[in-house]
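Just below is one structure, and these are the notes that go with it.
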Amino acid sequence: EEREDLMKALAETRSEIEEAREASGTRFGPEFAAVFHTQIQILEDKGFVDNIEQAINSKKNALLALRSVLDSYRETFERIEDDYFRERGVDIVDIGHRIMEKLLGVRSPVAPMQPGSVVVVDQVLAGLFARLEMDQVAAIVAEHGGSTSHGAIFARTLEIPAVTGASGILAEAQHGESCIVDGATGRVYLQPDETLIAYYRDAQHEYEVAIEHLDALRGRPAETRDGTPVTLSANVGLLNDLRQADQHGAEGIGLFRTELLALAHRGFPSQEEQDQLYRRVVEHISPRPVTIRTLDLGGDKGIPNVGMADEENPQLGLRSIRLTLENRRAFRAQLRAILKASAFGPTKLLLPMISSIEELREAKALLEGVRARFEREGEDFDRAMPVGIMIEVPSTAISADVFARESDFFSIGTNDLTQYTLAVDRGNERVAHLYDGLHPAVLSLIDMSVKAAARANIPVSLCGEMASNPLAIPILVGLGIGELSLVPAAVPFAKEIIRALDVRDVAEDARLALTASSARDVHEIAASRLLGAGLLDHPDIGAWLRNAVDEASGFS
Ligand code: PEP
Ligand code: MG
């Protein structure tokens, strides 16, 4: 009987994981199903099943048998030196817990989730998106972290409200109680009363109506009142995001973050998977362009098996292009996949966190090698595929002229540029009040980059989160940024703001902002521009802007 119970629990666990795999595959694309694939492999592993059989023969008790097998696996894995293989132990423990819950008739507190669940976590790690049933998640609240941590960015792209740095939430929130998460203000209400619920239901409804109205106008051009066009493209990281990009009228993908595939795999993804994914994205968006960024791991996107050690200062360590250049095989595989995708529609290649000209040259030399091989093999690809760099490090902005000579375009990553310029960890809620992309010093670096790009006659876009900050938009347009790449849902909002601005006015605002004494002063300059442009009376976005303007003017 004990053996039967255990075998039944194994079979049930297997079908549960199969279901999760299918659901996640349809929601997010086949690349995410890979996570579940590993777990199924464990369940099918003959050694694992044999060990359980043997243990049941000796212990005559399903639970004890399972526990002893799991303990011995855990000990074995803990002794492994290689980080990647040691971490695989997590999957076995995870599987073991699932089987145990089946044996005990316990339902997991996390999965399956109810629609409309609010997930409360310590930190929003990007890997969460590879594991949770995101379509059941109404909001995420994290005890720690800043609003531009990558987890928060992925949540935003999926249009899931997220509040980070909510100190004390883990201790306060009770499983099963109701909760309101206001992603716009960062407020979280536990056990809200009926009045508050009614207020937020109305607010939610108003937001939905506004978005629907704006989406219906998605064909309108994004240009200022005096006719200067500003390209509005989308930042995406998941296949799912493409739908959002279409719905909100994005003119292309200005930043395709490729890390999620690696996070789902907990290692470098295979070339075949990358071939499929990039091709699907490019085909879907074509004839609009797609900018594919090479892997940007490290910092707050640490994963095993990519040669990363524990570092004192991971944000200043072996991250992004530095890590990629040390893993040439994986880098070549990604370059091949991107180059292949370029045959299916307009594709640009973007190199993250370039901080020295040698890195750019080395990356381009590797790409040249891949190109030469493709020529020999007769592989189809776009010979003119532009190669650009992200400006995220102050030194690169200061020396932007040097980089402009050897780049086809610039993409300014203000999330990192702000963190490195102001020496404020973007993921640390304790210093979040110091983190502000509208700081005049950050704006000066943006200005230097834009001017260097203009001198070299190359395009420049900006893809940090500040592109969707209503106060930042007039200043960025005033600085002469020709393309903003932002979270898809923000595209219609940004468009309404741009259409109400006059380039001459905002150029003057930008000039004042560059010499302002503090970020606060810049907020005020931008707030009075939004007010002066009549945007606070806008029927769809007026109420939302009023909050931002009130806050900037110190009224709230
Ligand atoms: C940035 O740093 O601004 C950026 C867009 O890249 P990421 O947020 O992925 O670091
Ligand atoms: Mg960055």
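The values are calculated or read from the model by the stated rules, or taken from the named source; none is laboratory data. All values derive from a computational prediction rather than experimental measurement. Reconstructed Cβ throughout: ideal geometry from the backbone, glycine too, with neighbour counts over all protein chains shown. Each accessible area value is taken on the protein alone, full model and side chains, heavy atoms only, with ligands, DNA and RNA left out. Shrake-Rupley method; radii C 1.70, N 1.55, O 1.52, S 1.80 Å.
Could you check how many residues of region 424-461 are within 15 Å of ligand 1 (Cβ to nearest atom) and either open to solvent by less than 40 Å² (accessible area, probe 1.4 Å) or on the phi > 0 side of the Ramachandran plot (or both)? Total meeting the criteria: 13. Residues in region 371-385 that are assigned to a loop (DSSP other than H, G, I, E, B) and touching a Leu at 6+ places or on another chain (Cβ under 7 Å) were compared, and the one that is farthest from ligand 1 (Cβ to nearest atom) is Phe381.
Scanning region 101-122 for residues that are surrounded by 17 or more Cβ atoms within 10 Å (Cβ to Cβ) and over 17 Å from Leu158 (Cβ atoms), we see that the one that is modelled with the highest pLDDT is Val120. Here Gly369 clears all of (1) touching a Phe, Trp or Tyr at 6+ places or on another chain (Cβ under 9 Å); (2) farther than 25 Å from Gly254 by Cβ except the condition numbered (1). Regarding region 402-414, can at least one residue be identified that is open to solvent by 40 Å² or more (accessible area, probe 1.4 Å) and of a type outside the set (Asp, Glu)? Yes; the residues of region 402-414 include at least one that is open to solvent by 40 Å² or more (accessible area, probe 1.4 Å) and of a type outside the set (Asp, Glu). Residues that are at pLDDT 95 or above, part of a helix (DSSP H, G or I), touching a strand residue (DSSP E or B) at 6+ places or on another chain (Cβ under 8 Å) and not β-branched (Val, Ile, Thr) within region 469-516 comprise Leu476, Ala494, Lys495, Arg499, listed in sequence order. Considering region 399-422, the residues that are of a type in the set (Val, Ile, Thr) and under 25 Å from Asp300 (Cα atoms) include one that is nearest to ligand 1 (Cβ to nearest atom), namely Thr414.
For region 317-366, which positions are open to solvent by less than 20 Å² (accessible area, probe 1.4 Å), among the hydroxyl-bearing types (Ser, Thr, Tyr) and within 16 Å of ligand 1 (Cβ to nearest atom)? Ser320, Thr324 - these are the residues of region 317-366 that are open to solvent by less than 20 Å² (accessible area, probe 1.4 Å), among the hydroxyl-bearing types (Ser, Thr, Tyr) and within 16 Å of ligand 1 (Cβ to nearest atom). For region 127-165, the candidate set comprises residues that are within 16 Å of ligand 2 (Cβ to nearest atom) and open to solvent by 20 Å² or more (accessible area, probe 1.4 Å); within that set, the residue that is farthest from the chain's Cα centre (by Cα) is Ser147.
Which of the residues belonging to region 210-228 are touching a residue at least 12 places away in the same chain (Cβ under 8 Å) and not in a loop (DSSP other than H, G, I, E, B)? Of everything in region 210-228, those that are touching a residue at least 12 places away in the same chain (Cβ under 8 Å) and not in a loop (DSSP other than H, G, I, E, B) turn out to be Ala210, Ile211, His213, Leu214, Asp215, Glu223.
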